[in-house]
Amino acid sequence: MPDLAKNFLLLAALALIAIYLAHRFPEMEKGTDFPEFYAAAKVVKDGLGHRLYDPGIQQQFQIQYTGRIGTYFNHPPFEALFYLPFAEVPPQRAYVLWSLLNLVLLIAIARSLWHYAFTGVGWQALLALFLVFAPVLLNLLQGQDSVLLLFFVAMSFAALTRGNEFLAGCLLACGLFKFHLIFPLALILVVNRTKRFLLGFLLFGVVLILISVAICGPGFLIAYPRFLLALPSLPFSGIHPRQMPNLRGLAALSIPGSKSVSLALTIAVSILLLSIAVRSSILARMQPQATALLFASSVLTSLLVGYHLSPHDLSLLLVPMTMISTYVLATHHISKWLRMILVASLVILYLPPLHLFLLAAHSYAYVAIPILFLFLSCYAELKRISLAIRTNL
């Protein structure tokens with residue numbers, strides 16, 4: 001099919017998605033997360049940044065502008081700037097514009113990953129696969145920020161493959177509005193990269209702290225941690241461990257009666273997985289052919305050990321799933337059993353029935369199991385590559 005026809009069909013599909021979201025927003029508004037971001041941007045716009053983490057203020061602005069009380073804005077202050085331009089228009093129009101921005105970001109992500117992955121197909125096909133991935137659809141419906149995080153992670157990977165490690169560090173730091181996912185990823189990658197990557201990450205992290213101070217004042221350095229500690233006790237916290245597809249979620253399902261034992265188990269297994277991931281990073285050092293596989297493994301680790309993970313956050317899986325799929329198709333030295341595990345895990349994660357069933361059953365944490373299988377399989381393959389290289393020396 002000519003590129004012009006592909007692009008036309010793509011634009012038509014994106015337009016239909018935007019029209020659908022605009023049409024459904026009035027009835028979905030009270031069940032989406034977008035109002036919390038919209039209200040936070042309004043707080044900042046009205047010069048009340050110093051009270052951003054006052055639950056009463058957040059509720060007041062949500063009622064005033066969206067007519068309902070929902071979950072709280074619990075991310076660092078600088079993220080409100082992403083939503084600030086959208087606070088200039090009414091909520092419904094802002095939601096549609098935010099959704100359009102997400103679609104544009106998905107196009108950029110598909111075009112970027114296509115250069116390092118599925119070169120046999122057009123980026124339009126890759127985008128189509130992205131658009132029907134359940135967590136991405138959840139992100140679009142909720143008006144969430146996971147696609148924005150996916151964009152920064154994907155662009156960071158692209159910068160790494162081009163050898164621009166300082167830029168890669170800066171781009172990864174842009175995702176610190178979900179620091180609990182970015183810090184583990186940065187920790188693993190730092191072991192394998194030069195000091196330029198760490199310098200870019202730290203410098204831009206400091207810039208984001210200064211921006212946050214400018215928004216909220218220096219008091220946010222105390223107010224924000226205090227707000228996070230108090231969040232679980234608030235009535236609209238939105239914290240549901242059984243719906244978290246990570247180690248914390250699996251522990252909550254396995255030991256439902258004891259939060260302390262569940263927490264201890266989560267911490268212990270997280271440390272174990274991080275140590276395995278760091279070892280993978282060491283094994284992949286000076287192995288250019290393992291760069292994509294290591295990055296995939298690192299993202300999987302950050303998802304598993306991140307303390308808070310919502311279903312739409314699994315949009316990040318598009319990076320490792322793309323890298324691993326390409327690796328499986330291009331590499332002939334993978335053992336039969338490992339190939340079967342990788343393919344089965346990818347298929348299970350991609351197909352919508354798993355996500356829909358577990359969401360309805362309030363047991364979405366079980367999605368962490370195929371993610372864990374992918375992580376362990378990546379480690380096994382990185383170890384095989386390292387052993388093969390040492391044997392040939």
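Every number here is computed from the coordinates shown, using simple stated rules; none is lab data. Please read these numbers as outputs of a predicted model, since none were measured by experiment. Note that each Cβ is placed from the backbone with ideal geometry, even for glycine, and that neighbours are counted across all protein chains shown.
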Toward the positive end of the charge dipole of the chain, about the Cα centre and with charges on Cβ (Lys, Arg +1; Asp, Glu -1), which of 141, 62, 375 goes farthest?
-> 375
With everything on Cα atoms, drop me the angle between helix 259-283 and the longest principal axis of the chain, reported from 0 to 90° to the nearest 10.
-> 50
Where nothing but the Cβ of Lys and Arg (+1) and of Asp and Glu (-1) is charged, how large is the charge dipole of the chain around its Cα centre, in debye to the nearest 20?
-> 940
Check: segment 240-393 dipole with +1 on Lys, Arg Cβ and -1 on Asp, Glu Cβ, in debye | 340
Report, in degrees rounded to the nearest 10, the 0 to 90 angle that the Cα long axis of helix 195-216 makes with the longest principal axis of the chain.
-> 10
Rounded to the nearest Å, what's the spacing between the alpha carbon centres of segment 58-122 and segment 321-393? Just the number, please.
-> 29
Residue 271 to residue 68: extension gain in nm, 0.36 nm per residue of separation minus the Cα-Cα distance?
-> 69.1 nm
Would you calculate the separation in nanometres between label points at residue 331 and residue 260, each defined as 7 Å from the Cα along the Cα-to-beta-carbon direction?
-> 4.4
Please state the equivalent ellipsoid semi-axes for segment 240-393: what are the square roots of 5 times the Cα gyration tensor eigenvalues, largest first, in whole Å?
-> 29, 18, 11
Rg [Å, one decimal], Dmax [Å, integer] - segment 130-225, C-alpha atoms | 14.9, 42
Longest to shortest principal axis, alpha-carbon extents of segment 71-195, angstrom = 45, 36, 23
